[in-house]
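What follows is a set of notes on a single structure, which appears directly below.
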Amino acid sequence: MPGFDNHGGPGGPGGGPQGGPGGQQRGGFGGPQGGPGGQQHGGFGGPGGGQQHHDPAPKQEHHDPAPAPKPEPAPAPAPAPQPLPPLDVRGISASSDPREANNAICRAWQDVYAHYKGMNHPGEPEQRQLADRAREAIAALETLAMAMPDSHLECVLLYENCDEITDAVNGSYHYEKDPDRDHWSTKFMPMNARLEDNWDNKAEYHKDFLREDYYKLHPEQSAVLSELEGRAAEISAELGDLKDEKRSHGFFDFSGKKEVKERMKPVKEELANVQGQMNAIRRDADGYIKERLRDIGSSWARLDY
């Protein structure tokens, strides 16, 4: 019948060899030619019937996801700092004997420095501790020197001890371990932790007084030195005039500049000779200072690294 919806029965009058107009067949056995406009959902329709149903596309193969990468192991924690012993200067005060105070400070510093040198791969924190201990020792030595400004020989010794401590610390190194390899590398003192190094200048101030003492003991050398210093000043002035004359020649006046240069040679040689004689006398004065430092070194501690 028109409009009949057949859902699988064997078919009555509308299910015969030719389906009714507009009929919809859902599973019955239709005739050889489906009705016009009919839609077939699984039956076996005729060649001109409704829409054919095709098998679904083959399923895609299922692949397991790639395993997640393993997390990198956390770096080993930095070793805990190894504390250095304090600078033991107990018993030292402003009223202490300068020699005994110097010796106690030097002993305390040497204990700290020896402890650092004996550490197993000290790191940067330990090296910075070393610099702090050094500053304490230097401050104590400088306080002694400032308390006796007229004791020039002792002040030279104290400032030289400060210089030795400074050189030892600034030249020290610490260790850093490569995280990728079992390897230790050495690192020098960081620039922002280095000690100020001006002790030579402070020692020179007092050495000048000791040189004067030497010249008083050796007046003949003092007289010769004064004469040589005067002659060196004259030669230097003459050499300065020749340099001005050379500069006055034009850039392309090669012959004129060469002539002046030849006249400068003997003047330079004489100046070098005079300066050599002056330096020899000054070395004698410095040798006198060193000898006096050795004399008091038997009772005053002197650092030497």
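Per the conditions (1) open to solvent by less than 40 Å² (accessible area, probe 1.4 Å); (2) without any contact (Cβ under 8 Å) to a residue 60 or more places away in the chain; (3) touching a helix residue (DSSP H, G or I) at 6+ places or on another chain (Cβ under 6 Å), the sole criterion not satisfied by ALA131 is (2). From the list LEU153, LEU87, the one residue that fits, being part of a helix (DSSP H, G or I) and either surrounded by fewer than 21 Cβ atoms within 10 Å (Cβ to Cβ) or over 22 Å from the mean Cα position of the chain (by Cα) (or both), is LEU153. Every listed requirement among (1) part of a loop (DSSP other than H, G, I, E, B); (2) in contact (Cβ under 8 Å) with a residue 40 or more places away in the chain; (3) open to solvent by 30 Å² or more (accessible area, probe 1.4 Å); (4) over 25 Å from GLU160 (Cα atoms) is met by PRO122 save one, (3). Among the residues of the stretch 163-184, those that are among the polar types (S, T, N, Q) and assigned to a helix (DSSP H, G or I) comprise THR166, ASN170. Let me confirm something: among ARG294, ARG194, which residue is open to solvent by 40 Å² or more (accessible area, probe 1.4 Å) and in contact with a Lys or Arg (Cβ under 9 Å, 6 or more places away or on another chain)? None of the other options fit; the residue is ARG294. Could you tell me how many of the residues in the stretch 215-244 are over 30 Å from ALA285 (Cα atoms), in contact with a helix residue (DSSP H, G or I) (Cβ under 9 Å, 6 or more places away or on another chain) and open to solvent by 70 Å² or more (accessible area, probe 1.4 Å)? So the count comes out to 1. Quick one: would you say ASN192 is without any contact (Cβ under 8 Å) to a residue 12 or more places away in the chain and within 20 Å of the chain's Cα centre (by Cα)? Yes; evaluated as a whole, the condition is true for this residue. Which is out of contact with any Leu (no Cβ under 9 Å at 6 or more places or on another chain), in a helix (DSSP H, G or I) and of a type outside the set (A, V, I, L, M), of LYS268, LYS261, LYS246? Unique residue meeting the criteria: LYS246.
The values are calculated or read from the model by the stated rules, or taken from the named source; none is laboratory data. All figures in this text were calculated on a predicted structure; none of them were measured in a lab. So basically every Cβ, Gly included, is an ideal-geometry build from the backbone, and we count neighbours across all protein chains shown. Areas reflect the complete protein model, heavy atoms only, side chains present, ligands, DNA and RNA absent. Shrake-Rupley method; radii C 1.70, N 1.55, O 1.52, S 1.80 Å.
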